[in-house]
Amino acid sequence: MSNAKKNIIVISTLIVIFSIYNFSVYNLRDYKQPVKLSSKAIQGQQLWQENNCWSCHQIYGLGGYLGPDLTNTFSNPKKGKEYIKTFLNSGIKSMPKFNFSEDEKESIAIFLKYIDSTGYYPNYEANFKLNGWVELKYKDEE
Amino acid sequence: MKNKTALLFLILALTALLIGVFFGLLAALQYIIPDLLKDYIPFNKVRPFHVTSTISWIVLCATGSIYFFITQIEHLKLFSSKLIHTHFIIFIVTGIGIYVSFLTGKMEGREYLAYSPILTIPILLGWILFGVNYFKTIIQNVKNWPVYYWMWGTGIIFMIYHLSEAHFWLIPNFREYFIRDISVQWKSYGSFVGSWNMLVYGIAIYIMSKIKKDESSARGKTVFFFYFLGLTNLMFGWAHHTYIIPTQPWIRYVAYGVSMTEWILLIYIIREWKKSLTKEDKKSYCMAYKFLITADFWVFLNLILALLFSIPAINFFTHGTHITVAHSMGTTIGINTTILFASVFFIVSKINPSFKINQFAVKYGRNLFRISLFLFWITLLIAGVKKSYWMYFSENIFFSEMQDSLYYVYLAIFVFGMGLAISIISLGTVLIRVLTKTLKNQENLVLYSATLLIIINYQY
Ligand code: HEM
């Protein structure tokens, strides 16, 4: 068998596994409790993207680093919905002074509420294993 | 040499690099003086400008280099020169479209691809044209492909796939489920980087085999083994970006296993190649060689860093800090940019052998590049460690207090970034000058200017 043929066999095998793998990832469910975004939350997500909130803020640690992570701001006992809404048009520090309407502020807050309901970050109660593995604490576990 | 479009890609790439570096500096400046530019060009504009420009540099320079190698060094007859022209025009027009989209605030895309998603259509089209032209050319003319032809081909195909995947959020079934959405998003980014690495590492292997005048390093069993290892990582290794997201654990298990094998690829090949390199050959491509050695050093550093934080227990602490930025800029600058500089110097030595490489700007530029990049990288790591400490080992300290306490670290990032920028600008301008000189009086410069003119007219 020529080398080219061998290579094509290896690549095809990888692609078959890759397709099955992709299929599973694309149909991924949340660990236990799937969270579906409401249309209000989708609107918030749209605003989040249009205004590039992600370039300064992180969700689950992903994003830019000039501002704080916002994964659990909503459920933080010292913060919460009103706190979030107050920040939006405040123009604090490097954060631009946005000009959101009450409705827009509400949808951003709802979007952050949905995110909050999916899990924890930082995951302070994670469990470390000797083989380097980390068992995350999930939202619906006690 | 008739077809000069490859060189136009390189000039476009270098221009994107210079623009990118400028915005990088503006971004770093906002860390030390948050209010200074906020009203004119806030961080949420600067960052996408910076990231998109620098990524474009990598992708465009790889594209131009590959076109150049197959047409001007391998002397293969391109399947269609119309396609390469069209590819170039599509990319330059879309590139300008992206900046216009940023300037007018139409940035409804996501991280790294913040421009209006509609612009992805011409980008994909450009890649498809590249793919058609590439495969038609190579399949017709080359039997028994050396590894770099496989790598470039794979890179192009997966680039098309993962660029599309990065836009799956446009489909409601993805964006409505947050965890699935964010996982697929970062899956696509990981593999997207893997795809351009296929192009860039292929270029590194190509140049090596040419400097060595020995194709065996690009044909052996080992090199193909590493190619497949790289491909496996491209497909399944992305999830270390998302260890911390509450997905199904099996995805993270797979990624943990797979990512442990990464990075051995390039270092092995370069090490092997260096062993057998004779002195004379080195001289004739001096600059290209030197940059490859620098890339070797950065592969080594980033290998250690990446292997460490692919371990979930370490990733737990490094994730979400500037350690990630040290990794991304360490690899995009230290490895990708360095290999691509090697590529452009190699190309310049081919088209213009009388080009004097011991020019002041190049020599000092390269030294400044290495030193400032190293310091820049170290300070990013320090910033990351401090933030991680704040997140996990301190209590009741506000985010803003933590940021304020990092003032001098951020200042250092800016200062070293300035050094890095100066070095990149001096190397970049020297290369742009040589390339444009070569192009002067050529029809393609006319094509380039004509395109620009059309666009400028269109804008008004
Ligand atoms: C020369 C001076 C440069 C400076 C001062 C600079 C500065 C920065 C800054 C401040 C960020 C944002 C980090 C954050 O969100 O906090 C960034 C991100 C980034 N830069 Fe640069 N940069 C420079 C050059 C480059 C070059 C040459 C490349 C690639 C060729 C590059 C690639 C990137 C990438 C890929 C990111 C995104 C990082 C991530 O999301 O993890 N930068 N840079």
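A few points about this structure:
- The set of residues from segment A:109-137 being closer than 19 Å to B:THR318 by Cα and either more than 9 Å from chain B (Cβ to nearest Cβ) or surrounded by fewer than 19 Cβ atoms within 10 Å (Cβ to Cβ) (or both) comprises A:TYR124, A:GLU125, A:ALA126, A:ASN127, A:PHE128, A:LYS129, A:LEU130, A:ASN131, A:GLY132, A:TRP133, A:GLU135, A:LYS137.
- Residue ID - nearest to the ligand (Cβ to nearest atom), chosen from residues in segment A:39-78 that are more than 10 Å from chain B (Cβ to nearest Cβ) and out of contact with any helix residue (DSSP H, G or I) (no Cβ under 9 Å at 6 or more places or on another chain): A:LYS78
- Number of the condition not met by B:THR104 [criteria: (1) open to solvent by 20 Å² or more (accessible area, probe 1.4 Å); (2) more than 13 Å from the ligand (Cβ to nearest atom); (3) in contact (Cβ under 8 Å) with a residue 24 or more places away in the chain]: (3)
- Residue ID - nearest to the ligand (Cβ to nearest atom), chosen from residues in segment B:53-80 that are of a type in the set (Val, Ile, Thr) and open to solvent by less than 20 Å² (accessible area, probe 1.4 Å): B:ILE58
- For segment B:388-409, residues that are among the aromatic types (Phe, Trp, Tyr), under 22 Å from A:TYR60 (Cβ atoms), assigned to a helix (DSSP H, G or I) and away from the ligand (no atom under 14 Å from the Cβ) total 4.
- The single condition from (1) more than 20 Å from B:ILE432 (Cα to Cα); (2) open to solvent by 30 Å² or more (accessible area, probe 1.4 Å) that B:LEU113 fails is (2).
- Residue in segment B:213-234 that is over 26 Å from A:ILE9 (Cβ atoms), of a type in the set (D, E, K, R) and more than 10 Å from chain A (Cβ to nearest Cβ) present: yes
- Taken over segment B:41-52, residues that are within 13 Å of the ligand (Cβ to nearest atom) and either of a type in the set (A, V, I, L, M, F, W, C) or not assigned by TED's automatic domain parsing to the domain that holds B:SER101 (or both) amount to 4.
- Flag for B:GLY257 being within 16 Å of the ligand (Cβ to nearest atom), over 21 Å from B:VAL200 (Cα atoms) and either modelled with pLDDT of 75 or more or assigned by TED's automatic domain parsing to the domain that holds B:LYS210 (or both): no
- Selection within segment B:1-40 - more than 10 Å from the ligand (Cβ to nearest atom) and facing another protein chain (nearest Cβ under 10 Å): B:ILE33, B:PRO34, B:ASP35, B:LEU36, B:LEU37, B:LYS38, B:ASP39
- Test result for B:MET151, within 12 Å of chain A (Cβ to nearest Cβ) and within 19 Å of A:LEU14 (Cα to Cα): yes
Condition check ((1) at pLDDT below 95; (2) not assigned by TED's automatic domain parsing to the domain that holds B:LEU83) across all residues:
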position: B:GLU111; (1), (2): yes, no
position: B:TRP127; (1), (2): no, yes
position: B:MET151; (1), (2): no, yes
position: B:MET159; (1), (2): no, yes
position: B:ALA166; (1), (2): no, yes
position: B:TRP169; (1), (2): no, yes
position: B:ASN173; (1), (2): yes, yes
position: B:VAL184; (1), (2): yes, yes
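- Among the residues listed as A:GLU106, A:GLU82, the single one being touching a residue at least 60 places away in the same chain (Cβ under 8 Å) and surrounded by fewer than 21 Cβ atoms within 10 Å (Cβ to Cβ): A:GLU106
- The helices (runs of 4 or more DSSP H) found wholly in segment B:277-376 and carrying at least 1 residues that are at pLDDT below 90 and more than 16 Å from the ligand (Cβ to nearest atom) occupy B:279-284, B:286-309, B:338-351.
- Count of segment A:58-69 residues which are open to solvent by less than 30 Å² (accessible area, probe 1.4 Å), under 11 Å from the mean Cα position of the chain (by Cα) and not polar (S, T, N, Q): 5
- Pairing each residue of segment B:410-421 that is within 14 Å of another protein chain (Cβ to nearest Cβ) and near the ligand (Cβ under 9 Å from one of its atoms) with any residue that is assigned to a helix (DSSP H, G or I) and among the acidic types (Asp, Glu), provided the two are 6+ apart or on different chains, yields no C-beta distance under 6 Å.
- Pairs with Cβ under 9 Å, 6+ apart, first in segment B:122-148 and outside any helix (DSSP H, G or I), second among the acidic types (Asp, Glu) and open to solvent by 40 Å² or more (accessible area, probe 1.4 Å): B:VAL142/B:GLU74; B:PRO146/B:GLU215
- So B:HIS50, is it of a type outside the set (Gly, Ala, Ser), open to solvent by 10 Å² or more (accessible area, probe 1.4 Å) and not in a helix (DSSP H, G or I): no
- Within segment B:181-213, considering residues that are out of contact with any Asp or Glu (no Cβ under 6 Å at 6 or more places or on another chain) and among the hydroxyl-bearing types (Ser, Thr, Tyr), the one surrounded by the fewest Cβ atoms within 10 Å (Cβ to Cβ): B:TYR189
- B:SER216 meets the stated requirement of being within 19 Å of A:LYS6 (Cβ to Cβ), open to solvent by 30 Å² or more (accessible area, probe 1.4 Å) and in a helix (DSSP H, G or I).
- Segment A:92-103 - residue that is within 23 Å of B:PRO34 (Cβ to Cβ) and open to solvent by 50 Å² or more (accessible area, probe 1.4 Å) and, of those, nearest to the other protein chains (Cβ to nearest Cβ): A:LYS93
The values are calculated or read from the model by the stated rules, or taken from the named source; none is laboratory data. Not measured: the values here are computed from a predicted model. Neighbour counts run over all protein chains shown; Cβ positions are idealised from the backbone, glycine included. These area figures cover heavy atoms from the full protein model, side chains too; ligands, DNA and RNA do not enter into them. Shrake-Rupley method; radii C 1.70, N 1.55, O 1.52, S 1.80 Å.
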